Amino acid sequence: MRQMKLFLGPQHPGMHGNASVHIYAEGDIIKRSYLLPGMLHRGFEKGMERHTWMNNIGLIPRVCVVEPDINEMAFAMGVEMLANIEVPERAHYLRMVILELARISIHLMSYGGLGGPTGLYTLMYHAHADRNRILNIFEKITGHRVYHMYIVPGGVRKDFPVGIENDIHEFLNDLESRYTEYRDLGIENPTVLARIKDNIMLPESVVWELGVTGVGMRSAVNKPYDLRKVKPYARYSEVEFDVPVYDYSDARNRVDIKLNELVQSIGIIRQCLEKMPTGPVRAKVGNGQSMRWTVPKGQVYSCVESSRGEFGYYIVSDGGTHPYRVGVRGASYPQGLLGIEKYMPGTRIDDAPLWIDTMGVCSPEIDR
Amino acid sequence: MKKVNSIFTPWRLLKYLFKKPITIPFTKIFTQKNANYLNQNSIIKLNSRLDSEPREGADNIRGFHTNDWEECIGCGTCADICPTEAIFMAERLELPNEDGKLQQRPTIDYGRCCFCALCVDTCTTDSLKMSKEYIYSNSDPDAFLFMPTDTFEGQKVKEGYVKDEVSDLLDLKRVENPHELPEERKSSFVEIVRGYSKEFARLEAARCVECGVCTSACPVHMHIPQYIKAIWEDDIDGALRQVYETNPLPGVCGRVCTHNCETSCAIAVRGEAIAIRWLKRYIIDSAPDDMYENIILEPVSDVIDAKVAIVGSGPAGLGAAYYLRVMGYKVDVYEELSLAGGVMRYGIPAYRLPDTAIDKDINFIKHIGVNIKTNTRVGRDITMDQLEQDYDAVFLGTGFMKPRGLNIPGADHNRVVGAMEFLPKVREFERGNLSLEDIDVAENVVVIGGGDVAFDVARSATRLQMLKYGKSSVKLTSLENEDSLPATFDEYVEGAEEGVEFFCGNGPQEVVVENGKILGLKLWKCLCIFDEKGGFNPEFDKECEQIIEGEQIFIAIGQAPDYDYIPESIKDKISINRGKIEASIDGQVKDVPWLFVGGDILRGPDLIGGVSDGHRSAKAIDAYLYENAKKQDISDSLKAMREAVKESSPELTIRQGGKK
Ligand SMILES: Cc1cc2nc3c(=O)[nH]c(=O)nc-3n(C[C@H](O)[C@H](O)[C@H](O)COP(=O)(O)OP(=O)(O)OC[C@H]3O[C@@H](n4cnc5c(N)ncnc54)[C@H](O)[C@@H]3O)c2cc1C
Ligand code: SF4
Ligand code: SF4
């Protein structure tokens, strides 16, 4: 049969960000596929070497557009480990609120992402509208909707504004009250289910082969491997939450885990707001003005659980004002770059966007 | 059944049709101005009814910048931190040229800005803020490059992100420099400030933002940011090099300079100035002699055939001598007293400036070949005429070393003493050349004056009293009030710590003498010091009279020059105005072109001003002698040519000046 080359690019409603997939199809079955991560976010790691420990925060969040906070957190934690800095107690909780709000927002986005490929735009609109409300909260806390630049080495940049807790509670209560509705609309909807159940599989062997972490791994291997549990950072050891798992990773189960995690995040945020002590929110990283902060010689790998899995920063300091080298482990690298090439073939063309959405692919963290 | 039901579940969402939307209508995010623009250019058709109410950003939003030009000092720290290099500092020469401010303001390229607000967090003055404005459209790409002012698009706008204590990226607190405690120090002349350790110096140096506002304020334009950076990098060699570029008396200046630099330091706008002076001292205190050897000898040129005489070895004389010698001139410095240094040696007390520090600086000046002839008074041991004959140029830096008297009843008493009569003796005592008995200090003394010299007298008297009587009683009175004393604040604080009592805001009227003994000083309250025209013309309130007790009165109301050494033949050609000699900006006396002046007799008022005069005059002398030499050269070669022509063709008569 004649092979047809298709370009699933950034303009496609089911595509994420500026990435694209080159598809070679026979009929409607994909025979070969390659990811082109977009080349818009090239050279970030190198760029970090040219920024000081502090003004790197202008660059670092950009490694994942939709969930920038994990970058800030992993970087900040790394610097804190190198410089042996004790982060103030309150800052830990503020950071967790931000990270979990971000997790909800990106799970919503990814859930809404089912809308485009399945033609159920209502789902996308609703999910985005709700994500937008989280961005409103971020705007109030950090001054920006997308690139927050809020979690910084030493703590956070500023304390929460007065009264923001009410906004957060109000949003969480509302989201919670509409949770069943959300499920009914998408994952319980037979039309959608027909597309995602027993489809777009991720076998355990592939998880081990590629090094998939996060939702993908948890849905396939039935093990609660979540860094917040196995290697708790911030104050995740002080809050209660479950890590949902499956032993069968089809698209439906992966989506289901995300929705469950969303509920868990709501719980974590509520506990944080209740438990957070008053007090300082930032410790000093270095001496003098920020452009002369130095970080002791050494190397460190710090990682956090992002919505797509283990997200890590490998940082080397030569004792100077700038990082000597930074390497980022983007959580979507295994499935996004290698997976698309090796395991997307065999999928139907119309399932490709669902593949990308449910596997969790964020192009800048591949590009960086 | 369940399946059928679930097919209809999405329809439940129809109810949202009747709810208030939570999203923001597209039309509402535009300002009127932007909407008009978009409509006009047919970019987007907007409903004009809806577009007038743009959504307001959050209170904290990082929108477009505003910058208050009055507050902004043009330090450029915002430009340095910007991660996207979006800011550059644009020169604005129409801004006033004042100490502590640079004539430039930040310009932001919004094609690069990522709205991180790091510039706001690091702004030294708080002038830079962000507004709630976040929408701006224009078809001209250049319009995205502009200088923020306190308005946005010509309109007052609401404040968005501003820095707070937590987000501040500067370090506003000075690193303590250990001081001797008042109780211990007031019985000795031990230096009060102990000096930074390496660790502390580097911590302090880390606070500097390298803006260079200090450099413009410093009379010799020292390379301050550069040497502070070198300290921070633990590069003493580099730091010392930077220092000697502009100042041959760094050990002295590192202790007692009036530090205009610190007054204008950008960090001082919101916090404590960088301890520039102590850092300079740290460089000198920690540089080993062999390091000096290379650094100060390297730029020194071989001696050329031109000689300059310098009269007076104060900072002006030494400054001129150093730079002239570096340029290759043979330099002789004539000093009346037995030690070189001027006021540094004979005025400023040792607890502020020990001899060791002066020696270190002066020894290096001698080491490069400056010849200092002490115990040689010009006008007595050698005349000015002699100098004119023996040298190609003469520089005068004879300072204001004479005490100035006060014209009130009783002031002719022999226990009414001028500051510059007393302080040289104090220094000689400290050197062991005089004993305690040789210096007259009463148990209760009064000091008249509110400047640094008055404090030097008061605090020196305190020390002598402690040594002599085991207790001290010093009263200081000045026309100025305590909050407007001309003395530096440190002097006031330390004087108070040492027990000096203040009677500020009063004018002395009479030294009360009974039976040949001073009982005290009569004071009237001072109502104002200057008249409407700004002239010195104090007014007093007679009703508010008091007599403060004391058996000895010190007068520290200024010093005077001594021009006896200048012969009348020269005096006729120079004009002296309020004790100062009139000369060009670089010290050349108009009608006596071989004569240059500097230091207190030209400008004053401090050491670094003297060094600066010396440096400037050295360059002017060089230029003057170079011009002379050129003329000389030309006439020499002309002569040689004539000789040659005469020899080869004696029959030719050489035309002179075009005439036969
Ligand atoms: C008590 C006191 C404290 C001060 N404290 C400070 C301070 O902390 N910081 C600061 O920056 N400034 C201070 N000043 C001001 C500063 O000392 C002077 O501005 C500065 O010393 C002026 O330098 P100069 O080179 O003009 O002359 P001077 O330092 O006054 O030196 C003049 C020299 O010329 C010599 N001389 C005069 N006539 C002859 C002659 N005919 N032949 C040969 N030699 C002659 C004198 O003996 C003297 O050594 C102080 C001044 C005084 C009086
Ligand atoms: S907001 Fe950030 S990117 Fe923009 S000018 Fe300021 S420092 Fe530069
Ligand atoms: S940091 Fe502040 S004071 Fe300095 S130039 Fe920038 S805006 Fe002006």
Probe 1.4 Å, all protein chains in place: accessible area of B:C544 in Å², nearest 10? 60 Å²
Keeping all protein chains in place and using 1.4 angstrom, which order do B:L17, A:L101 fall into by accessible surface area, from largest down? B:L17, A:L101
From the residues A:H128, A:M149, A:L94, which one has its Cα farthest along the dipole of the protein assembly as shown in the positive direction, the dipole being from +1 and -1 charges on Cβ of Lys/Arg and Asp/Glu about the Cα centre? A:H128
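Can you tell me, using C-alpha contacts under 8 Å and at least 6 residues apart, the relative contact order of chain B as a whole percent? The partial results should precede the final answer.
On the way: 1283 pairs, mean separation 70.5, N = 660.
It rounds to 11 percent for chain B.
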Nearby lysines by direct alpha-carbon distance to B:K468 (threshold 30 angstrom, same-chain neighbours under 8 apart not counted): B:K186, B:K402, B:K425, B:K517, B:K522
Taking Cα centroids, how far is region B:297-332 from region B:512-568 in Å? 41 Å
How do B:135-144, A:323-332 rank on mean C-beta neighbours within 10 Å, highest first? A:323-332, B:135-144
Under the Karplus relation with 6.51, -1.76 and 1.60 and θ = phi - 60°, whole-Hz ³J(HN,Hα) for region B:439-450, x at Gly and Pro, equal 10, 8, 9, 7, 6, 10, 10, 10, 10, 9, x, x
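Dividing the Cα convex hull volume of region B:182-296 by residue count, how many Å³ per residue is that?
Roughly 113 Å³ of hull volume per residue.
In region B:461-558, which GluC sites (Glu not before Pro) fall in coil by DSSP and have 13 or fewer other Cβ atoms within 10 Å? It would help to have the intermediate numbers written out before the result.
Working: sites: B:E480, B:E482, B:E491, B:E494, B:E497, B:E498, B:E501, B:E510, B:E514, B:E532, B:E539, B:E543, B:E545, B:E549, B:E551; in loops: B:E480, B:E498, B:E532, B:E551.
Answer in residue order: B:E532.
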Sequence gap at least 6, Cα distance under 8 Å: using those rules, report the relative contact order of chain A to the nearest whole percent. 28 percent
FRET efficiency for A:R325 and B:D109, Cβ-Cβ distance as r, R0 = 35 Å, nearest 0.05? 0.75
Dimensions in Å of region B:406-557 - Rg and Dmax from alpha carbons: 15.2, 50
Sticking with the crude label model, points 7 Å out along Cα→Cβ, report the distance from B:E56 to B:E165 in nm, one decimal please. 2.8 nm
Cα gyration tensor, chain B - rounded (a/c under 1.5), prolate or oblate: oblate
For region A:231-330, with +1 on Lys and Arg beta carbons and -1 on Asp and Glu, the positive-most of A:G327, A:F311, A:Y248 along the dipole: A:G327
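In peptide B:164-171, what is the residue-averaged number of other protein chain Cβ atoms found within 10 Å of each Cβ?
Details: counts 3, 3, 10, 8, 3, 8, 4, 8.
Partner Cβ neighbours, averaged per residue: 6.
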What does the structure give for A:156-168 when I average, per residue, the other chain Cβ atoms found within 10 Å of the residue Cβ? 2
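Once the cut-off is 19 Å, how many percent of the Cα-Cα pairs in region A:75-186 end up in the long-distance tail? Display every interim value, and only then the final one.
Numbers: 3163 of 6216 pairs.
Above the 19 Å cut-off, region A:75-186 has 51 percent of its Cα pairs.
How big is region B:154-248 by the Kirkwood estimate over distinct Cα pairs, in Å? Let's see the in-between values first.
Working: mean 1/r = 0.0605 Å⁻¹.
Averaging 1/r across every pair of different Cα atoms and inverting gives 16.5 Å.
How large is the direction-averaged shadow of the alpha-carbon convex hull of chain A, in nm²?
17.3 nm²
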In Å², nearest 10: area of A:H128 left accessible to a 1.4 Å probe: 80 Å²
In bins 5 Å wide, starting from 0, what share of all Cα pairs of region B:503-660 does each bin hold, as a percent? 2, 7, 9, 10, 9, 8, 9, 9, 9, 7, 4, 3, 2, 2, 2, 2, 2, 2, 1, 0
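Quote the FRET efficiency, to the nearest 0.05, computed for A:N132 versus B:E91 with a Förster distance R0 of 51 Å and r equal to the Cβ-Cβ distance. Don't skip to the end; give the middle numbers.
On the way: r = 44 Å, r/R0 = 0.86.
That pair, A:N132 with B:E91, gives E of 0.70.
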With every protein chain present, what accessible area does B:F536 have (1.4 Å probe, heavy atoms only), rounded to the nearest 10 Å²? 140 Å²
Translational D (Stokes-Einstein, µm²/s) of region B:95-147 at 25 °C and 0.890 mPa s when Rh comes from the Kirkwood sum over C-alpha pairs? 185 µm²/s
Can you pull the Kirkwood radius for region B:271-352, inverse mean 1/r over Cα pairs, to one decimal in Å? 15.1 Å
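Counting pairwise Cα distances across region A:127-274, what percent come out greater than 26 angstrom? Present the calculation step by step, with values, prior to reporting the outcome.
Values: 4153 of 10878 pairs.
Summing the P(r) of region A:127-274 above 26 Å gives 38 percent of all pairs.
Once you average over the residues of A:177-189, how many Cβ atoms of partner chains fall within 10 Å of each Cβ?
Numbers: counts 0, 1, 0, 1, 6, 1, 1, 7, 4, 1, 0, 4, 4.
Per-residue shielding by partner chains comes out at 2.
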Full extension from B:A640 to B:L297: what is 0.36 nm times the residue separation minus their Cα-Cα distance, to one decimal in nm? 119.7 nm
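Would you list the membrane-span-like helices of chain B, meaning whole DSSP H runs whose alpha-carbon atoms span at least 24 Å along their axis and whose mean Kyte-Doolittle value is at least -0.5? Show your work: numbers first, answer last.
Working: long enough: B:452-469 (25 Å, -0.01); B:607-648 (60 Å, -0.60).
Sorted by number, the helices that extend far enough and score high enough are B:452-469.
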What does the extension gain come out to for B:L434 and B:T383, with contour length at 0.36 nm per residue minus their alpha carbon separation? 15.3 nm
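Ignoring ligands, DNA and RNA, how much accessible area is buried between chains B and A, both sides summed, with a 1.4 Å probe, to the nearest 100 Å²?
Working: alone 33170 and 14760 Å², together 44400 Å².
What B and A bury together is about 3500 Å².
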222 nm [θ] for chain B, helices only, -39500 (n - 2.57) per DSSP H run of 4+, per residue, to 500? -9500 deg cm²/dmol
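Can you give the helix-only mean residue ellipticity at 222 nm for chain A, where every DSSP H stretch with n ≥ 4 adds -39500 (n - 2.57) and the sum goes over all residues, rounded to the nearest 500 deg cm²/dmol? Walk me through the numbers on the way to the answer.
Values: 15 runs with 159 residues, N = 368.
It lands at -13000 deg cm²/dmol.
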How many angstrom lie between the Cα centre of region A:285-347 and the Cα centre of region A:159-233? 23 Å
Shape of region A:159-236 from its Cα gyration tensor (a ≥ b ≥ c, root eigenvalues): rounded if a/c is under 1.5, otherwise prolate when a/b > b/c, or oblate? oblate
Straight-line reach from B:K158: which lysines have Cα under 30 Å away, leaving out those fewer than 8 places along the same chain? A:K140, A:K158, B:K20, B:K28, B:K33, B:K45, B:K101, B:K129, B:K132
Zone of B:F8's modelled label, taken as backbone nitrogen in region A:167-189 under 14 Å from a point 7 Å along Cα→Cβ: none
So, in nm, how far is label B:H179 from label B:K20 when the simple model puts each one 7 Å beyond its Cα toward the Cβ? 6.1 nm
If amide H atoms are modeled at 1.01 Å from N in the peptide plane, then the residues at a separation of 5 or more from B:F540, or on another chain, having amide H under 5 Å from its own are B:L527
Under the Debye formula (equal points on every Cα, no solvent term), log10 I(q)/I(0) of region A:1-152 at q = 0.11 Å⁻¹: -0.57
Please report the relative contact order for region B:182-296, taking Cα pairs under 8 Å with a sequence separation of at least 6, and give it as a percent rounded to a whole number. 29 percent
Which distance in nm do the two modelled labels at A:L40 and B:S188 give, with both placed 7 Å along the Cα-to-Cβ direction? 7.1 nm
Can you give the charge dipole size of chain A about its Cα centre, rounded to the nearest 20 debye, using +1 on the beta carbon of Lys and Arg and -1 on the beta carbon of Asp and Glu? 1100 debye
Can you give the Rg to Rh ratio of the protein assembly as shown, both from alpha-carbon atoms, with Rh computed by the Kirkwood formula? 1.13
Students sometimes get this wrong: rank B:R578, B:R345 by accessible area, probe 1.4 Å, all chains present, largest first. B:R578, B:R345
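Please work out how much length the chain gains when fully extended from B:A623 to B:T374, using 0.36 nm per residue of separation minus the C-alpha to C-alpha distance, in nm with one decimal.
On the way: separation 249, 0.36 × 249 = 89.64 nm, distance 2.82 nm.
Value of the extension gain: 86.8 nm.
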Among B:M222, B:A205, B:H259, whose Cα projects farthest towards the positive end of the dipole of region B:182-296, with charges put on the beta-carbon of Lys, Arg (+1) and Asp, Glu (-1)? B:H259
For the B:D305, B:K471 Cβ pair and Förster radius 56 Å, calculated FRET efficiency rounded to 0.05 is 0.35
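The values are calculated or read from the model by the stated rules, or taken from the named source; none is laboratory data. Just so it is clear, the structure is predicted and the values come from calculations on it, not from any experiment. Every residue, glycine as well, gets a Cβ built from its backbone with ideal geometry; the counts of neighbours run over all protein chains shown. For the accessible areas, the whole protein counts, side chains as well, though only heavy atoms, and no ligand, DNA or RNA atoms are used. Shrake-Rupley method; radii C 1.70, N 1.55, O 1.52, S 1.80 Å.
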